[in-house]
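Taking it in order: structure first as structure tokens, then the write-up.
The values are calculated or read from the model by the stated rules, or taken from the named source; none is laboratory data. Treat the numbers as computed from the prediction; the structure is a model and nothing was measured. With ideal geometry, Cβ positions are generated from the backbone for all residues, glycine too; neighbour counts draw on all protein chains shown.
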Amino acid sequence: MNFTIPRRRFASAAVAGIALTGLLAACGGSGSGEDSSDSSGPVTLDFWGWANGQEAMVKAFNASHKDVQLKYTKVTDQLTMQKQLTNAVKAGNAPCLVQNTGEYVTSWVSQGALADITEYVEGEKDKFNPGSWTTAQVQGKFYGVPTSSSPNFTIYRTDIFEKYGIEPPATWDDFIAAGKELKKHNVKITNYAGEDPSTLEVLAMQAGAHWYSIDGDAWKVDFQDEGTLKAAKVIQEVIDNDLNSKLSFADYAAVQRNYDNGGTATRQISTWQMAGMVQNFTKSFGDWALSPWPTFKGEAAKTPAGTNLTASVTLVTEDCKSRQQAAEAALWMSTDTTAVKTMASPETGNGVMPALADSDTYVPEAISEKLLGKNYEPAQTVVKDSLGAVTTDWTFGPNWTAMFTEMQAGWAKVVSKEQKVTDLLAHMQEWTVNDLKSRGISVKG
């Protein structure tokens, strides 16, 4: 599924407003980083990101600002960002501004890597939708500015589904049944990349799981709750029945060709993933449509809060000296009309839904008429409906970065059938509890 990411009412990436001893073992940095400037020239702020359209956005910012300039460095992808930022933080030379996603904010705060910019941004609350506004917040303090929301839905090949008489799956049971039918015709219903365990994360999130939560004055860890096991069952059926393509996103172009050629018939995605499809497809334009994210049988519509490129934020690092200018630049990138439109479009940007209070108005720009053809108009309703069905009770823990890395290794074994999903979950339960304890963070589980 390769999720990121981006959502309208984001899952709580932190435990806003709760000051609990031992929840975060943060160590403050020295703030010794240098911003490029001289006595007569503008302040230059380093900005690291990976999203399409950011170069154009930075160019527009620099053209409209005399006293502050952005120096943009494009990082390969979201996971590479975590590695490069880790190294930069250790070396004390992190850039002033970094693109990141909601699930990592608490982790970076616990490492003392981010600057508190509350005084510069707290007055802008009304410009953002309530859920996204919490994304860069930890224990009542702000460390960045939200950039996107994340409607989630299914995109599917109408021509393939019609050819074999299959309806868009309304439930996960339907999804598996459709996958078995498609398999008869050498078509996979989904793709599980071996390096990307966000598939497990988002299904667990939708099913009501809580890997991290607060219990008194400690973190509670539970990778084996009812919701997680319900999600694990769906994933295991897909894997056991060979319904997934198992293509690595390391060769992104090959994955896109597979969708374009009809090798895989559906994706559970958000708007930003359409950009890659538009930019890489040659054959299947107009053959795609949107349907709601499948539900668990008997349950109301509900979509996951999203990971990876979704729920994006622009964070200010502890190494940044010009924090006010950095905060103002981050706000501009999230609120300037031209910047927002650039990033919202799958053609010029990354297809991300903005984090603004009126994000619904950007739906027509965030989805591709070229990709959807005659299905473009009804697709807008699917996207808007999904914005109102996003889970809101997911919490990202303080060691999320390390946890996700550990889960990647185990997920690869799950996809290759070397172990069961439940084996991975049992390992992650023990590993996460021990890792938090080793960091001096209070934990139960």
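Answer with yes or no whether Thr295 is farther than 21 Å from Ile269 by Cα and either touching a strand residue (DSSP E or B) at 6+ places or on another chain (Cβ under 7 Å) or at pLDDT 95 or above (or both). The answer is no for Thr295. Residues in segment 426-441 that are among the small types (Gly, Ala, Ser) and either under 18 Å from His210 (Cβ atoms) or not assigned by TED's automatic domain parsing to the domain that holds Leu200 (or both): Ala426 alone.
Of all the criteria given as (1) surrounded by 23 or more Cβ atoms within 10 Å (Cβ to Cβ); (2) at pLDDT below 90; (3) within 25 Å of Gly440 (Cα to Cα), the one not satisfied by Gln111 is (1).
Per the conditions (1) in a helix (DSSP H, G or I); (2) buried (at least 22 other Cβ atoms within 10 Å of the Cβ), the sole criterion not satisfied by Val278 is (2).
Mind checking which residues of segment 62-84 are hydroxyl-bearing (Ser, Thr, Tyr) and either over 24 Å from the mean Cα position of the chain (by Cα) or within 18 Å of Ala330 (Cα to Cα) (or both)? Ser64, Tyr72, Thr73 - these are the residues of segment 62-84 that are hydroxyl-bearing (Ser, Thr, Tyr) and either over 24 Å from the mean Cα position of the chain (by Cα) or within 18 Å of Ala330 (Cα to Cα) (or both).
Note on segment 139-188: among residues that are under 30 Å from Ala115 (Cβ atoms) and surrounded by fewer than 21 Cβ atoms within 10 Å (Cβ to Cβ), the one that is modelled with the lowest pLDDT is Gln139. Out of segment 260-273, which residues are under 23 Å from Pro304 (Cα atoms) and either acidic (Asp, Glu) or part of a helix (DSSP H, G or I) (or both)? Correct list: Gln273 only.
Among residues of segment 74-90 that are assigned by TED's automatic domain parsing to the domain that holds Met57, none has a beta-carbon under 7 Å from a residue that is of a type in the set (D, E, K, R) and assigned to a loop (DSSP other than H, G, I, E, B) at least six positions away or on a different chain. Of the helices (runs of 4 or more DSSP H) lying entirely inside segment 120-204, those containing at least 3 residues that are in the same structural domain as Ser110 (by TED's automatic domain parsing) and either within 25 Å of the chain's Cα centre (by Cα) or on the phi > 0 side of the Ramachandran plot (or both) span 130-133. Each residue in segment 426-445 was checked for being touching a strand residue (DSSP E or B) at 6+ places or on another chain (Cβ under 8 Å), loosely packed, with under 15 Cβ neighbours inside 10 Å and part of a loop (DSSP other than H, G, I, E, B), and 0 of them qualify.
Here Ser334, Ser368, Ser345 are screened, and the one residue that is of a type in the set (Gly, Ala, Ser), closer than 28 Å to Val121 by Cβ and touching a Pro at 6+ places or on another chain (Cβ under 7 Å) is Ser334.
The requirement of being surrounded by fewer than 17 Cβ atoms within 10 Å (Cβ to Cβ), outside the structural domain of Val202 (by TED's automatic domain parsing) and over 23 Å from Leu114 (Cα atoms) is not satisfied by Asp423.
Glu226 fulfils the conditions (1) under 23 Å from Gln429 (Cβ atoms); (2) at pLDDT 95 or above; (3) in contact with a helix residue (DSSP H, G or I) (Cβ under 8 Å, 6 or more places away or on another chain) except for a single criterion, (3). Restricting attention to segment 382-419, the residues being part of a helix (DSSP H, G or I) and modelled with pLDDT of 85 or more number 20.
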